[in-house]
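Heads up, the thing below is written out as structure tokens.
The values are calculated or read from the model by the stated rules, or taken from the named source; none is laboratory data. Computed from a predicted structure; not experimentally measured. Here the Cβ positions follow ideal geometry from the backbone for every residue, glycine too, while neighbour counts run over all protein chains shown. These accessible areas exclude ligands, DNA and RNA; they are computed on the full protein's heavy atoms, side chains included. Shrake-Rupley method; radii C 1.70, N 1.55, O 1.52, S 1.80 Å.
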Amino acid sequence: MGDGGGEEKRPEGGGAGEHSVKNPTVFYGVCIPESSLKENVEPPDKSVFTELSQALKVAKQFNGTFKLFKSEIEALEFSTSKQITQTSQMSTPVPGESSTYGSLKPQQMVKFRKAIEAGNLDFVLECVRENPRYLMTPSDTPAILQEGSRYNALHIVAKSGKFTIGETLLNIIKDEITDQMYPDADAAQNCERASRLLDLYINMPDKGSGDTPLHLAAKFGNLEVVELLTGEKDLIRTRLNKYEESALDVVCSRAKVKDKGREDKIRELIQGMYYIPVYKEIDGVSVLGEPIPQSEYRLNKRSPEDLEGNDTLDS
């Protein structure tokens, strides 16, 4: 887009011989309804892809849906099982089919991205309220805000560390954006759209290094954003980038200030540590409660002492 946004560079110190460059382990399973298979003379050659553009093309051609998976087997199971059983299929709309919102100019997307980077929440909300296509394409995928690296809004949030904007955008993605985009659509369809959109937002790799938003938040030492992302149950914490690195491998590698305490907290969140409440009954016998994710009480500003039990233990 000519605004200076390039592909994400690898951290210094990683020589060419240390890692082999591979494509990120991402698979898109395309679910095609039985009716479309009957109507089309030639079915698709395959239904699992490693490129989003290919999956989107087939989904649109055969009136199907697609979903991102961390393994090829899971993607294949999704695509084959629903081809047979799904009768009430939600189609992936073509541009202009269901949404009345117009396309946005590149200059508008640049201003929106820069507003996120600057933490200008009022402007970000104004844009999204005016046109949901700042966040969502007519094909129900995340809007790309930086073409060179193919960053979506959460990539920008993760890299810049703008927690409040990230929290607000996640709430909009989960609860509002599909209803705004398709006000006349069935509620169940919009709920499915929102679920798939959220999955793509939190797990999508960028083009340059194959980094997900979690990679970027961890890499730049943005603790609050890591807390935000790890609070999402569908987040894939172990996804590898093109250099075979997980988010855990790159923690604080590009942080401006080295902080061991912050680094340790980020590692704990990515590893998924839990607190276990200990409930004391009247007769003095203690029993363990259900494990509570560390991110859950942190995001809700809860401390172990706030839990119903008297004591807590790290898992």
Per residue, accessible area of the range 139-229 with a 1.4 Å probe, heavy atoms of protein chains only, in Å², comes to 27 Å²
Measuring from the lowest to the highest alpha carbon on each principal axis, how far does the range 135-188 reach, largest first, in angstroms?
36, 25, 13
In vacuo Debye sum over C-alpha of the range 153-262, base-10 log of normalised intensity I(q)/I(0) at q = 0.10, 0.17, 0.20 Å⁻¹, listed in q order, is -0.31, -0.77, -0.99
Which of the peptides 106-112, 211-217 is most tightly packed, and how do the rest follow, going by the mean number of other Cβ atoms within 10 Å of each residue?
211-217, 106-112
Say the cut-off is 27 Å between C-alpha atoms; which of Lys207/Lys233; Lys114/Lys219; Lys114/Lys174; Lys70/Lys256 go over it?
Lys70/Lys256
Expressed as a rounded percentage, what relative contact order does the range 144-264 have, with Cα pairs under 8 Å and six or more residues apart?
26 percent
When the dipole is taken about the Cα centre of the range 122-280, and only Lys, Arg (+1) and Asp, Glu (-1) are charged at their Cβ, what size is it in debye, to the nearest 20?
760 debye
Each label sits 7 Å from Cα toward the beta-carbon; between Arg254 and Lys46 the label points are separated, in nm, by 3.0 nm
Please list 3J(HN,Hα) in residue order for the range 181-192, calculated via the Karplus relation 6.51 cos²θ - 1.76 cosθ + 1.60 where θ = phi - 60°; whole Hz, with x for glycine and proline.
5, 10, x, 9, 7, 5, 4, 5, 5, 5, 5, 5
